[in-house]
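Below you'll find the structure, written out as structure tokens, and then a few comments.
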Amino acid sequence: MDENEISIINSKDFPKVSEVLQNFVNNNENKFAFPHLSENNMRISLWAALFEHLQEKSAESIHTDCLTTLRVLSRDKTEVENLICERWMITLIEKAGLYNFIDPSEDITENEMPSKEIAVEALKCLCNIAFNSEVARALCAHTSMAQGLVARLRSYKEIPYKEDIIIFDMKLLFILTALRQDIRAKIKNELHGMDYLISCLGELVSESLKVGEEASGGSQQVILNDQQVAIACEILKTQFNMMYHSGPEEPVTAEEEAMCLKLMPVLTSLLMAETHTWEKLMELHSNIANLLTSVPSEFYEYLSPKCNDGEQVKHLYDGRNMEAIHGLLQLMQHRLTITTSTSVQYENLSPILTVLNKSARSVRAQRKYLRQTVLPPLRDVSRPPEKGSTLRNQLCRLLTTPVTSVRDLVAEFLFILCKEKVGRMVKYTGFGNAAGHLAQKGLMCGGRGPVQYSSSSEDSDTEEYLEAQPHIDPVVGCTRPPRVNPFENMTEEQKEYEAMKLVNLFDKMLSDGVVKPATIGPDGKPKPMEHVLEMRENPPNRPQS
């Protein structure tokens, strides 16, 4: 766009203005930077002309073109802090129809709302500007935008094109709650935004359930289309922003307890829902897992509701519906499959591992279901635990990852599934893989953790395992083929020579600081030795099963 075109935009010849704006949008739909507009203050002139038209009723015929152009321009962060002002923000808020919902005494009619095209484009502009400008976010806090967004949460049923604007309302709410602490606190505490967001999710589930009944001959199945998945994900992200900052160590208040009691059944229904594609299902489950990391563990029991008599479910355990837990396991399997680099391990695996840890530790039935899925009874023990494609194999590989936070989460998860018994942990992972975690716990000499589990046995060994058990090497966690004795056919002099070579190599490693001998201290953790002779005085105990 050049100065001549900007001059046309400043004119009142609306057909020509519309033509110039449409050409600009068509030519720049996929661009995110416009450096040439910094010359001769063209950017300032262009923005000012567009907002002048938006504020004039006589220019209504080009309002959509103006907003579409602003939506494209607002992707560029250049000079946006100096461009934006309160008057322009209020103009966009009005065009988005947010002020229509602040006064509860007034009825909302279709005529009072802006057209769908105007409202959607205005919301897109607000999202871009709020994301790129701290000044704009401060103006959002100063105006009544938050009140308008929350008030509209209660009134979507009255809007004929609600599905077209709710997604951008949620995107705007997510941006504001993520980047402005004052707006986040106001929406959560003063405006009770969490309650309305939960209600929106509940309505989404109810609407999808009706579709499911029609599509499958009366079966009670939630089926979400792609647009509904996108809306649900934006709501879940906004809820995460508001719950994450409440502090996981703080005691649960009565208000938070009531909120969680309303939230958990909705999340459970979403975890049991179906989508049109696998990618959308994993996106939905991923956002649910992120939110569950901030939910206190005492509410996790609602993820596995009790089944009614005669109720048909795919994943039943101990009289409970484990569909939601199965959905979380699917997410973990998916994340393990797509995580091929250590650089993304924490981002991809930390949320779902945190959720499954809380689930296994807090709810006995869920732990037992996870145990039978992740650590089923052993049959083939000819390969090391980390070799293979099962969930157990993939998790055992992560026990030696250099990403310590992920390694600790995986080790803790497997340890909980083993009822925090050292012998059982070693059995399923091998002592070499489990050693680091056991050392941290002070359990190198065996025993079990401090948590008390039920005494009923869940570890019925298979015939194949019992037959191979005498030949299993506990360090690697599998059987080893018979090895040739290296000292066979050696004279005593040759054996002594090889032994001294080993002693000299070990001494060199000690001198260079490559290794440092240790023994097990009274607390069960490794303790460095000052001298190798300490091993004669305090011989290490054998690990207990």
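The values are calculated or read from the model by the stated rules, or taken from the named source; none is laboratory data. Since we're looking at a predicted model, the values are computed, not measured. Here the Cβ is made from the backbone with ideal geometry for all residues, glycine too, and neighbour counts use every protein chain on show.
Scanning the stretch 302-322 for residues that are touching a Lys or Arg at 6+ places or on another chain (Cβ under 9 Å) and either of a type in the set (D, E, K, R) or not in a loop (DSSP other than H, G, I, E, B) (or both) yields Lys306, Tyr317, Asp318, Arg320, Asn321. A residue that is at pLDDT below 95, surrounded by 18 or more Cβ atoms within 10 Å (Cβ to Cβ), of a type in the set (A, V, I, L, M, F, W, C) and within 27 Å of Leu303 (Cβ to Cβ) can be found somewhere in the stretch 375-392. Which of the residues spanning the stretch 166-212 are out of contact with any Asp or Glu (no Cβ under 7 Å at 6 or more places or on another chain), assigned to a helix (DSSP H, G or I) and among the basic types (Lys, Arg)? The answer is Arg184, Lys186, Lys188, Lys210.
Looking only at the stretch 323-341, filter to residues that are β-branched (Val, Ile, Thr) and in a loop (DSSP other than H, G, I, E, B); which one of those is surrounded by the most Cβ atoms within 10 Å (Cβ to Cβ)? Result: Thr339. Taking Glu492 as the residue in question, decide whether it is over 29 Å from Cys445 (Cα atoms), modelled with pLDDT of 85 or more and loosely packed, with under 10 Cβ neighbours inside 10 Å. Yes; evaluated as a whole, the condition is true for this residue.
Among the numbered conditions (1) more than 21 Å from Ile93 (Cβ to Cβ); (2) at pLDDT 90 or above, the only one that Gly218 does not meet is (2). All conditions in (1) at pLDDT 95 or above; (2) within 13 Å of Ala119 (Cβ to Cβ) hold for Thr69, with the sole exception of (2).
The set of residues in the stretch 466-489 being exposed (fewer than 10 other Cβ atoms within 10 Å of the Cβ) and of a type in the set (Asp, Glu) consists of Glu488 alone.
Considering the stretch 109-156 alone, what residues qualify as being of a type in the set (S, T, N, Q) and part of a helix (DSSP H, G or I)? Write out each step before concluding.
The first filter runs over the stretch 109-156 and keeps only residues of a type in the set (S, T, N, Q), leaving 109, 111, 115, 128, 132-133, 143-144, 147, 155.
Passing the criteria: Asn128, Asn132, Gln147.
When restricted to residues that are surrounded by 20 or more Cβ atoms within 10 Å (Cβ to Cβ) and more than 28 Å from the chain's Cα centre (by Cα), the stretch 152-167 contains 1.
Being closer than 16 Å to Ser362 by Cβ, modelled with pLDDT of 95 or more and among the aliphatic types (A, V, I, L, M) is the requirement here; does Leu292 meet it? So that I can check it myself, show each step before the final result.
Working: closer than 16 Å to Ser362 by Cβ: yes; modelled with pLDDT of 95 or more: yes; among the aliphatic types (A, V, I, L, M): yes.
It is true that Leu292 is closer than 16 Å to Ser362 by Cβ, modelled with pLDDT of 95 or more and among the aliphatic types (A, V, I, L, M).
With respect to the conditions (1) surrounded by 12 or more Cβ atoms within 10 Å (Cβ to Cβ); (2) at pLDDT 95 or above, Trp278 lacks only one, and its number is (1).
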